[in-house]
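Q: Take a look at the following structure, please.
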Amino acid sequence: MEIKPFITLVGAGPGDPDLITMKGLNAIKEADVILYDALVNEILLEHAKPNCTKIYVGKRAERLSTSQDYINQLMVDYALTHGHVVRLKGGDPFVFGRGGEEIDFARQYNIPTAAIPGISSSVGLTGLQQIPLTYRGISESFWVITGATSDGHLSEDLRTAVQTNATVVVLMGYAKLAEIVALYQAHGRGDLPIALIQNGSLSNEKIALGHIDTILEAAAERRIGVPAIIVLGEVVAKHQDFNRIKEELARTILS
């Protein structure tokens, strides 16, 4: 039987398997090979056909992970030898998912490609927490920024964003939280509301709410860790528990 190579990038959403699109789920059902990331809920793999080859190519911050070059080559090799490869990625493939790089690599081999969007954690997790990224009279835009550049430095875009009233969502930046706090404090924004959301949309989700000046204590109190997103902006105060949690934290710190 002639093998017809094809690669589909599929966004699995922020974690809850119910948040994948129907089109993404159908691609999983049709795949000959699935290459899936660490943040993909493995329940989704149960929808694959019995003879589908499933390969974990996890990439996690601060942990040993599969190199991007290796993933690119693996994706092409399996397409050429097996047929339809689904590259299953957490969130959306094109929001800090390196989907563009993978598509570029596949095109070098003239392999047909497709992309199925997913719900990025930047909009999905804030939406689930009912934190509006934009709000009339408060925030006219939102920025989605990586926490650190490839060389490990704080993103320069954060140094620009801190000077605006835009809501800022930082992905893959929890390790830089103390630096981000220091940056906002240096610009006189210690009272800006901030939220940390760990394992968003899952049963073990945690959230810490506070202001720039108190968030490090809140993170320690709530034992927040990776993976977590950071949300900065006045809109965070719209969270239904913001005032209650802020007052509880203040009492804890004072005691």
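Q: Of everything in region 154-182, what is under 13 Å from Leu216 (Cβ atoms) and among the hydroxyl-bearing types (Ser, Thr, Tyr)? Give them in sequence order.
A: Residue satisfying the conditions is Tyr174 alone.
Q: Restrict the check to region 18-28 and report whether at least one residue is touching an Asp or Glu at 6+ places or on another chain (Cβ under 6 Å) and surrounded by fewer than 18 Cβ atoms within 10 Å (Cβ to Cβ).
A: No: region 18-28 contains no residue that is touching an Asp or Glu at 6+ places or on another chain (Cβ under 6 Å) and surrounded by fewer than 18 Cβ atoms within 10 Å (Cβ to Cβ).
Q: Then there is this: Can you tell me which residues in region 104-138 are among the hydroxyl-bearing types (Ser, Thr, Tyr) and in a loop (DSSP other than H, G, I, E, B)?
A: Those that are among the hydroxyl-bearing types (Ser, Thr, Tyr) and in a loop (DSSP other than H, G, I, E, B): Tyr109, Ser120, Thr134.
Q: Looking at region 63-78, can you tell me whether even one residue there is surrounded by 21 or more Cβ atoms within 10 Å (Cβ to Cβ) and touching a Gly at 6+ places or on another chain (Cβ under 9 Å)?
A: Scanning region 63-78 turns up no residue that is surrounded by 21 or more Cβ atoms within 10 Å (Cβ to Cβ) and touching a Gly at 6+ places or on another chain (Cβ under 9 Å).
This table checks each residue for (1) farther than 21 Å from Leu125 by Cα; (2) open to solvent by less than 10 Å² (accessible area, probe 1.4 Å); (3) in contact (Cβ under 8 Å) with a residue 12 or more places away in the chain; (4) among the small types (Gly, Ala, Ser).
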| position | (1), (2), (3), (4) |
| --- | --- |
| Ala31 | yes, yes, yes, yes |
| Ala38 | no, no, yes, yes |
| Leu80 | yes, no, yes, no |
| Arg87 | yes, yes, yes, no |
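Q: Would you please name the residue that is surrounded by the fewest Cβ atoms within 10 Å (Cβ to Cβ), looking only at residues in region 110-138 that are more than 30 Å from Pro5 (Cβ to Cβ) and of a type in the set (Gly, Ala, Ser)?
A: Gly137
Q: Suppose we filter region 1-17 for residues that are buried (at least 18 other Cβ atoms within 10 Å of the Cβ) and free of Cβ contacts under 8 Å to residues at least 60 places away in the same chain; how many remain?
A: Looking only at that region, the number is 1.
Q: Name the single residue, out of those in region 65-103 being of a type in the set (Gly, Ala, Ser) and outside any loop (DSSP other than H, G, I, E, B), that is nearest to the chain's Cα centre (by Cα). Spell out how you get there, then give the answer.
A: Residues of region 65-103 of a type in the set (Gly, Ala, Ser): 65, 67, 79, 83, 90-91, 97, 99-100.
Checking the rest, the ones that are also outside any loop (DSSP other than H, G, I, E, B) come to 79, 91, 99-100.
On the way: Ala79: 26, Gly91: 6, Gly99: 13, Gly100: 16 Å.
Here the residue is Gly91.
The values are calculated or read from the model by the stated rules, or taken from the named source; none is laboratory data. Bear in mind that the values here come from a model prediction, so they are computed numbers and not experimental data. All Cβ positions, even for glycine, are placed from backbone atoms using ideal geometry, and neighbour counts span all protein chains on display. Quick note on the areas: whole protein, heavy atoms, side chains included, nothing else; ligands and nucleic acids left out. Shrake-Rupley method; radii C 1.70, N 1.55, O 1.52, S 1.80 Å.
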